[in-house]
């Protein structure tokens, strides 16, 4: 399972979501940052460079300020019993990657100070999306582990049975991210304030 969530540019910015896949894994959660290079010596130049170099989102190829991507894999233990099948355990591996801008060259002290505030605000924003992903994982565990299906000695029907709770958890996560971005990117929202403080300080 994988997906991507991204921060849209405010004439020029954007935000990303997540994808899902099943595979053997060990129980762990990894959070990592992936920087992309931007240039400039002023807030306005840095923001313009974000618009030119930010990660692309979706089929339209629009660019975003930052995005959060995750890959969720599972090792599931299906156990045949009494002619049916039970999902006894499910061991996840969750990797969350936050893609954020990073100046390629040193900045003037005043710009560096504003940049530090800007990037920490972006990081906090993306971490909220990370929290939504972790909550989705917890929901999947709560709604699938222990599920039993009768008359399923080959443990095939149960695999279909757990698709709905998987889908429900994904839909919830995506809606939470959209709702959060709508507020943050709206008038007076946290991201808008960060951008204005970075650019208008020049």
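Derivation of every value follows stated rules applied to the coordinates shown; laboratory data play no part. Just so it is clear, the structure is predicted and the values come from calculations on it, not from any experiment. Cβ atoms come from the backbone with ideal geometry, glycine included; neighbour counts cover every protein chain shown.
As a calculated quantity, the FRET efficiency between residue 89 and residue 179 at R0 = 25 Å, using C-beta atoms, amounts to about 0.15. Full extension of the chain between residue 156 and residue 138 yields a length gain of 4.1 nm, computed as 0.36 nm times the residue separation minus the alpha carbon distance.
Using C-alpha pairs under 8 Å with a sequence gap of at least 6, the mean separation divided by the residue count of the range 45-202 gives a relative contact order of 25 percent.
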